[in-house]
Every structure is written in C-alpha cells, then in structure tokens.
Amino acid sequence: MPLDVGRLRDSDLASDETPEACWAAVLLWCASWHQVPAASIPDNDQWIAKQAGYAQRGKIDKQWAEVRNGALRGWIKCSDGRLYHSVVAEKAIDAWESKRDQRWRTECGRIKKHNDRHGMSIPRPSFDQWVSQGCPSGQRLPVPGDTLPLSPGTVPPCPDDVPKETHSKRQGEGQGQGYLLIPSVPNGTDGKPSAKPPVDKSKTELWKSAVSLLSGQGMPEPQARSLIGKLSKDYKSQGEDIVFRAVQGAVSEQPADARAYLKATCQRLAGERKRDGSHDWTAEAI
C-alpha cells in the first residue's frame, strides 16, 4: 500500500489525535488494503481492535476505548455493512488501474514479439478494446499456416471442385490476421455467428482452465483452487452439475471478474438469484 507521507503529515489525524490513535489508524489502513473489497473492513469491534493491536486472546484491551474514535477517523459505513475509507479507496483504485495498464502493456509487448518472430501483423488492441474483451492475457496467437476449425455439421471443401477464384476463397484471405480467432458460422443461424463458441472440455480440463482464469485476474492459485472447492462443497447437495456449468460458462465467456461470475452463476442455477438482474452480482463483487 502506497503511503502519501506529505498528506499524512499535514492531515487532521496527525494534528488532532494521539500518537497511539494515529498508529492504530495506520494499522487499520494496512489491514483494509488486503480485504475484499479493498479499502474496507468489517463493522466488527472485536476484529477492528485486534487489527489495531488492542485485542488478544479474544479480549479487547481497556485502552481501546481511548483510541477507538481516532483510529476510525475517516471510516464510513456503506450499504453492504462494511466500513470504507475514502483515501485508502482512492489509492486502491489507482493501484488497480496501474496494474491493469501494466498487464495491457505486457500483452501488447507479447503480441509485438510474436509478430516479429513469425513475420505477422496481428494488431495490438487499444486499452479499451482489451478491457472490453475481458482483459485477456497469454492466449494462443495464430501462426502462419493456421486454419480455422469447421463448425459441427460443416462438410470440408474439396480442393478439386473449387475454382481458383471464388467468393468463398476471397472471404478466407487474410485468415488468422486478427487478434482473436473467430469460428465459422454454424448451419441454421441465417449467417449470424453465435456470441460464444461452446466449451467442450472434461471436468479436469475445465477446473484447470478456471484456476488459470482466476490466477490471470490476480487471485493466487491456491486461493483459486480453494474457491472452486468451496463452491463444489456448498452446492454438492443440489447436484455437481451446478458448479460444472458455472465453470464451463466462465471458461467460455471469460468474464472480467471470474470470481463474482462463478458465485452469481451458482446462485442463479440453484434458484437463489433471479436471472432478470434484480441482483447485480458485479456490484456485490466490487
């Protein structure tokens, strides 16, 4: 967590509160930095006193009452029941934006190296394009000689029966030059491609893909495995298919916040949440 030394030195906290209260306040800022959502802490006096160094073995120190108000200076209780600090939230947002910007630059650098290595010209996405695609990172890039997979039910073309210059041939020119490969249009769709290709993977492969997706969004791999395991345990009584379908959807859709997507999808499939958007899972995940 970055510390704005000048801002802290000139703050009302430093001038109006005791050194003990100031130190407790800084400890709470540090604790909130690692919470989810960041810059928040639970509205629990026992937990707060412990993080500030005034609780041990389940008992709150009597001196906590003297420093509590100063330590909690600037904290505001919000609609989710947690306390938020505006300055810490500001720093957390800046850090997140910086992290996303670095990931985007790294991805653009990877595409440039790929182009240089294979003599290709795959366009590097703008930051807004990259974000709209779900902040992809490390996806396989096409190489010379790649061909797009045929849709189910499509009959492979016969080279001997195709004239040298046809409309279909011209459509295929430049294939593989885009940033993302687009599958061919399935039969019976009136020429309209589906939004997302179906994901057909075994359970083990799906689990690995989901862990990779969560890890790519900043969640440590052990925590990602723990999250999927917890969902499997929580919804086991309602059928293993619920978590499997949620993971399958996350791997297919590549949402910007896979953790919130998995939880919301499991809740919806289990009947705990309506599909019409009466509960906004993205708001709960922030």
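Computed from the coordinates by the stated procedures, all read-outs in this text should not be read as laboratory data. The shown structure was predicted, so the numbers you read here are calculated from the model rather than taken from an experiment. No Cβ is skipped: glycine too gets one built from the backbone with ideal geometry, and neighbour counts run over all protein chains shown.
The local environment of Asn69, defined by Cβ-Cβ distances under 13 Å, has a net charge of -4 under the rule Lys, Arg +1 and Asp, Glu -1.
Modelled spin labels at Gln129 and Asp16, positioned 7 Å past Cα toward Cβ, are 5.1 nm from each other.
Can you give the extra length, in nm with one decimal, that the chain gains between Glu205 and Lys230 once fully stretched, where that is 0.36 nm per residue apart less the Cα-Cα distance? Result: 7.2 nm gained on full extension.
When the pairs Lys77/Lys233; Lys203/Lys233; Lys113/Lys208; Lys203/Lys263; Lys208/Lys233 are compared against a 22 Å limit on Cα-Cα distance, Lys77/Lys233; Lys113/Lys208 fall above it.
With R₀ set to 22 Å, the beta-carbon distance separating Arg117 from Glu253 gives a calculated FRET efficiency near 0.15. In plain terms, the chain from Arg100 to Gln238 could stretch by 46.0 nm, reckoned as 0.36 nm per residue minus the Cα-Cα distance.
The spacing between the stretch 1-16 and the stretch 38-111, judged by their C-alpha centroids, is 16 Å. The modelled label-to-label distance for the pair Ser79/Ala65, using points 7 Å beyond Cα in the direction of Cβ, is 3.6 nm.
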